[in-house]
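Here the structure comes first, spelled out in structure tokens, and everything after it is commentary.
Each value in this text was obtained by applying a stated rule to the coordinates, not by laboratory testing. This structure is a prediction, so every number in the text was calculated from the model and none was measured. Counting neighbours? That spans all protein chains shown, and the Cβs are built from the backbone with ideal geometry, glycine included.
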Amino acid sequence: MATLFAKASFDVAAYVAARPTYPQKLYDLIYSYHSSNGGKFEHALDLGCGPGFIALNLAQRFPKVTALDTSVKMLSSALQPPPSFTQINYQVSSAETISTAPGLEKGVDLVIAGQAAHWFDHSKVWKELSRVVKPKGTVAYIGYAEMTFPQYPKLNKMIHHHSSSVLGPYWSQPGRSIVEGLLDSIPFPIYPSSTSLSINVKSLPSLNGGHPINSIIQEPLPPSEEIRDSDRDWDSDWDSSTALRLKSSSKGPWALQKSFIWENLEEYLRSWSSYASYLDAHPEERQFRGKGAQGDLVDRLLVNLKTSVGQNEEGKIGVEVAWPVVLMLIKKK
């Protein structure tokens, strides 16, 4: 993905504008989980930060925030909060080498990776996280899968066909398959393994008093063989009783939702990495952009979507879009 983001043809501004943003309730859940059992609020890390949406939220709670990404071009659009909040230290670094990043020598209390963990090599990343996460610290992965249309379920099949069949060969793998599986194939560093059952949450657990999610923590399972090796003992750094995966459908207080007018939906569809790769393979498509039913593949899809719901561009009528979300959490001993 860093290669795609570095291409001259990649439009960072359009990508940033089209991305959905996480609801505050999701951050509140992470902060409540982190504060349980003594998690401190001193130094936070946004891993695979992109333009820094998560780092901005962290800057409201932590006096020190570091944000890492492999893409120089993405970091060129990095966001800073108002001067009254913590200023964010952006750096170029991969998840697999975070222990060598300047400023992390004393460790971090909370690591959040938003829509990035599916690109990590976890045979290396968990070892790196063991080095930089402080005792009682937290690692939180957020992921979201293919968008849905709650008001118009019939559009879901059209989007799925566009994503999996038309653009399927142009997604970077295995990352795309991992995120579409809501991170199920990403192993925890110890227990439970990647084969453990997930918890589907219809509503946000209570955040009032004590640990908000004790009742839905997984029972330990045998360790994942994928991340075991003979020369390490860092898996004992992690508290197996805190490892869990929370999944939310497209509804509820921490669901990921966005209202799109058709113009915005078009921008989102064109921000897909698979679309950029498709155009690289089919440059002749560029000349048809903006020509409706005779346009490029995004134009044609939009015509079909509008026709299916009986709407058109007049009045800039649009649709509500939602994404299934997973939150993967574990704490250091």
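If you look at just the Cα atoms of the stretch 55-99, how large are its Rg and its Dmax in Å?
10.9, 33
Please express the Cα-Cα pair-distance distribution P(r) of the stretch 39-142 as a list of whole percents, one per 5 Å bin, running from 0 to the bin with the greatest distance.
Calculated over all Cα pairs of the stretch 39-142, the distribution is 2, 14, 27, 28, 19, 7, 2, 0 percent.
Taking 0.36 nm per intervening residue step and subtracting the Cα-Cα distance, what contour gain separates SER259 from GLN287 on full extension?
7.2 nm
Loop-only GluC sites (Glu not before Pro) in the stretch 64-169, please: DSSP not H, G, I, E or B, and at most 10 other Cβ atoms within 10 Å.
Those satisfying the criteria are GLU105.
State which entries of LYS73/LYS247; LYS25/LYS258; LYS106/LYS127; LYS40/LYS134; LYS40/LYS106; LYS124/LYS331 exceed 21 angstrom in Cα-Cα distance in the structure shown.
The answer is LYS73/LYS247.
Which order results if VAL303, VAL298 are arranged by neighbouring Cβ count within 10 Å, fewest first?
The most exposed by this proxy come first: VAL303, VAL298.
With a 10 Å Cβ neighbour count serving as the proxy for reagent exposure, in which order, fewest first, do ARG245, ARG300, ARG131 appear?
Exposure proxy ranking, most exposed first: ARG131, ARG300, ARG245.
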